[in-house]
Amino acid sequence: MPILPKQRDIFPADLFAADILVPTAVDARWVAFYTLSRREKDLMRKLEATAIPFYAPLIRRRLHSAGGRTRFSQVPLFPGYVFSLVDDDQRRAALATNTIARWLPIGDESSLVADLRSIRRLIETEQPLTPEARLEAGHPVRVRSGPLRGLEGVVVKRRGEQRLLVAVRFLNQGASIELEDVDLERL
């Protein structure tokens with residue numbers, strides 16, 4: 001049982017529902033907020049309270065206490081980062097929360113949104129994810145069947161297992177999931 005209830009990691013819930021990969025508002029842009037240490041959830045609560053759209057993927061992590069109890073917690077997949085779709089006024093309001101160390105503009109917004117959508121699909125499968133700190137060289141692949149059909153990524157070897165890595169190229173980080181070779185097709 002989680003210590004705290006799961007916090008919302010996306011606001012609004014339909015942020016990625018539109019077929020448009022880049023914002024339609026002329027002045028709204030995707031940015032990455034780099035938070036102060038361990039302040040991601042605090043920033044997300046403050047952004048939601050001021051109706052500023054954001055996405056910061058949270059994954060379930062199992063913790064073992066000294067007494068042998070197993071607890072679960074929701075931790076950021078990309079520690080320190082919260083992605084937000086903001087105009088200048090919203091960006092200033094977010095910076096005023098005193099939870100942000102710096103903000104980074106996104107050069108290729110459509111690629112970032114596509115990557116974040118893929119990460120979200122991985123998380124929604126509720127299969128165990130492994131955060132990957134650095135991208136490995138490998139073959140690009142597409143999932144042929146199952147709930148992740150059409151998802152593209154890179155195959156990496158990890159402890160002798162085949163894993164599909166879905167990356168957020170902007171951060172040079174990603175998450176991997178174990179899949180069977182039969183489910184993948186080479187691009």
- Message: Among the residues of region 54-61, are any hydroxyl-bearing (Ser, Thr, Tyr), farther than 22 Å from Asp27 by Cα and in the same structural domain as Asp14 (by TED's automatic domain parsing)?
- Response: no
- Please work out which one of (1) in contact with a Leu (Cβ under 9 Å, 6 or more places away or on another chain); (2) outside any helix (DSSP H, G or I) is the condition Gln90 fails and give its number. (2)
- Criterion (farther than 22 Å from Arg8 by Cα, touching a Phe, Trp or Tyr at 6+ places or on another chain (Cβ under 7 Å) and not acidic (Asp, Glu)) met by exactly one of Arg169, Arg102, Arg163, Arg117: Arg102
- Taking region 32-60 and keeping only residues that are outside any loop (DSSP other than H, G, I, E, B), of a type outside the set (Ser, Thr, Tyr) and surrounded by fewer than 22 Cβ atoms within 10 Å (Cβ to Cβ), one is left with Ala32, Lys41, Asp42, Arg45, Lys46, Glu48, Ala49, Leu58, Ile59, Arg60
- Item | Candidate set: region 110-131, residues that are surrounded by fewer than 18 Cβ atoms within 10 Å (Cβ to Cβ) and of a type in the set (Asp, Glu); chosen: the one nearest to the chain's Cα centre (by Cα) | Glu124
- Message: Let me confirm something: among Val75, Val113, which residue is touching a residue at least 12 places away in the same chain (Cβ under 8 Å), closer than 23 Å to Arg169 by Cα and part of a strand (DSSP E or B)?
- Response: Val75
- Note on the structure: Glu136: passes all of (1) under 19 Å from the mean Cα position of the chain (by Cα); (2) modelled with pLDDT of 90 or more but (2)
- Message: Taking the criterion of being of a type outside the set (A, V, I, L, M), buried (at least 20 other Cβ atoms within 10 Å of the Cβ) and part of a helix (DSSP H, G or I), would at least one residue in region 141-158 satisfy it?
- Response: no
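The values are calculated or read from the model by the stated rules, or taken from the named source; none is laboratory data. No experiment lies behind these values; they were computed from the predicted model shown. Note: ideal-geometry Cβ built from the backbone for every residue, glycine included; neighbour counts use all protein chains shown.
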